[in-house]
1. Whether any residue in the range 53-67 is out of contact with any helix residue (DSSP H, G or I) (no Cβ under 7 Å at 6 or more places or on another chain), open to solvent by less than 10 Å² (accessible area, probe 1.4 Å) and closer than 30 Å to Ala220 by Cα is what I want to check.
2. Within the range 116-128, is there a residue that is in a loop (DSSP other than H, G, I, E, B) and at pLDDT below 85?
3. For the range 330-363, name all the residues that are outside any loop (DSSP other than H, G, I, E, B) and more than 33 Å from the chain's Cα centre (by Cα).
4. The conditions are (1) closer than 26 Å to Met273 by Cβ; (2) of a type outside the set (S, T, N, Q); (3) open to solvent by less than 30 Å² (accessible area, probe 1.4 Å), and Asp75 fails exactly one of them. Which is it?
5. Considering every residue within the range 12-22, establish whether at least one is touching a residue at least 24 places away in the same chain (Cβ under 8 Å) and either within 24 Å of His240 (Cβ to Cβ) or within 21 Å of the chain's Cα centre (by Cα) (or both).
6. Going residue by residue through the range 130-150, is there one that turns out to be modelled with pLDDT of 80 or more, open to solvent by 20 Å² or more (accessible area, probe 1.4 Å) and over 17 Å from the mean Cα position of the chain (by Cα)?
7. All but one of (1) part of a helix (DSSP H, G or I); (2) surrounded by 15 or more Cβ atoms within 10 Å (Cβ to Cβ) hold for Met315; state the number of the condition that does not hold.
8. Looking only at the range 1-11, which residues are under 13 Å from Arg74 (Cβ atoms) and either touching a residue at least 60 places away in the same chain (Cβ under 8 Å) or in contact with a strand residue (DSSP E or B) (Cβ under 7 Å, 6 or more places away or on another chain) (or both)?
Amino acid sequence: MKIIVIGYGRVGSQFIRKVDTGAHQVVVVDKERSALERGKPPEGVRFLYGNAIDEDLLRDAGAESADILLALTRDENTNLMLAQIARVIFNVPRVVAIVYDPDRESYFHEAGIETLAITAAGAELLSAGLTGAAVKSSVPAGALRPVPVTNPRVAQRPLEAHDGSFYVLVVGGGLVGYYLSRSLLKNGHEVTIVERNRATYNLISQQVDCPVVLGEGSSAEVLEHAGAGRADILCSVTNHDDDNLISCQVAKYHFGVPKTIARVKNPKNEPLMRRLSVDVTVSATAGLFSAIRNMAPKSPVISVGNLASCSAAIMEFRLTGPTKLAGKKIKAISLPSGCKIIGIVRGGEALTPTDSTVLQSGDTLVGFVPHAQAEAVCQILLKS
């Protein structure tokens with residue numbers, strides 16, 4: 001079998017020592033090179049370094065052909081996001097993730113992920129040892145927990161403004177959360193901030209005139225205390241994509257919050273997070289890159305704007321230089337499903353295209369493009 005292990009910590013390194021690396025192809029991914037200080041791995045184990053919350057790195061690790069992926073890092077939200085990438089993007093047949101907090105185990109099961117509940121397993125061992133009960137194995141049979149047959153989720157509530165305002169939960173009390181909350185309050189919305197760092201919590205509690213809850217924004221208990229059961233929108237704006245994803249998922253699946261918005265540091269995570277049920281993603285990195293790219297007079301592609309109501313964008317494609325599309329009719333261009341040319345700019349004038357419209361070199365095509373099809377459309381329109 002091909003096994004990918006994410007995290008070469010205490011659990012990951014012990015697993016590598018015990019698995020038969022001669023019979024199985026094993027790849028280890030860890031973000032720190034110092035991980036090897038824990039001991040030299042067996043011969044034949046391939047090591048990759050970097051943040052595994054990256055499709056390209058997982059693809060390089062062989063996720064497309066992996067039989068098992070083990071998410072064994074020390075952070076539960078990282079494990080949950082990694083496991084979902086493995087399941088949804090790469091269709092890995094079996095995914096197992098460590099969970100430390102038994103109360104959060106249902107999050108993993110809802111995503112179709114098996115869990116290694118080492119905290120609960122340790123408690124069972126301790127209880128058995130102190131009470132004299134016989135323990136047949138150093139790892140109780142219940143430590144590896146399969147996915148339950150049913151995973152009920154709360155139905156999503158409709159988004160309804162109350163006297164023109166919303167109740168918004170803001171997860172993350174840093175600078176982004178601070179200025180966002182101030183703007184929302186100024187415009188008449190009700191706001192509660194959730195912040196896990198006590199120093200930041202103490203500071204923002206004195207600076208913003210709204211409730212501030214101390215706790216982990218991806219915890220169902222904390223979100224319930226913050227009023228997620230009646231919230232209209234949850235905005236997760238922490239510095240970590242995995243935390244923002246899980247906060248949005250918990251809000252949607254456990255409390256039926258109508259709309260979720262996530263800040264995204266790595267632009268490559270935007271389509272993934274939208275696919276994993278985040279309604280709106282906002283990436284400052286992607287916005288800055290797009291602004292710089294659009295300033296280039298010869299840039300062949302311009303993203304006019306993302307549509308908040310769906311995972312799509314309005315994009316411009318410039319047919320500059322010699323192009324095989326010149327002289328072709330619109331109906332002769334085979335675009336992916338869901339994509340459509342909705343306008344043409346020619347000589348400074350806007351045209352409404354029909355199937356019989358003939359393209360010319362120098363035209364700018366305006367298209368409706370789902371995010372998942374953007375690369376394919378670029379290949380068709382610009383590489384022809």
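1. Among the residues of the range 53-67, not one is out of contact with any helix residue (DSSP H, G or I) (no Cβ under 7 Å at 6 or more places or on another chain), open to solvent by less than 10 Å² (accessible area, probe 1.4 Å) and closer than 30 Å to Ala220 by Cα, which makes the answer no.
2. To start, the set of residues in the range 116-128 that are in a loop (DSSP other than H, G, I, E, B) comprises 117.
Filter once more, keeping what is at pLDDT below 85: 117.
Scanning the range 116-128 turns up at least one residue that is in a loop (DSSP other than H, G, I, E, B) and at pLDDT below 85.
3. Result: Ile330, Lys331, Ala332, Ile344, Val345, Arg346, Glu349, Ala350, Leu351, Val358.
4. Failing condition for Asp75: (3).
5. The answer is yes; a qualifying residue exists.
6. Here is the first cut: in the range 130-150, the ones modelled with pLDDT of 80 or more are none.
No - not one qualifying residue is present in the range 130-150.
7. Status for Met315: all satisfied but (1).
8. Matches in the range 1-11: Ile6, Gly7, Tyr8, Gly9, Val11.
The values are calculated or read from the model by the stated rules, or taken from the named source; none is laboratory data. The shown structure was predicted, so the numbers you read here are calculated from the model rather than taken from an experiment. Quick reminder, even Gly has a Cβ in these numbers, built from the backbone with ideal geometry, and neighbours come from all protein chains shown. The area values use the complete protein model at the heavy-atom level, side chains included, leaving out ligands, DNA and RNA. Shrake-Rupley method; radii C 1.70, N 1.55, O 1.52, S 1.80 Å.
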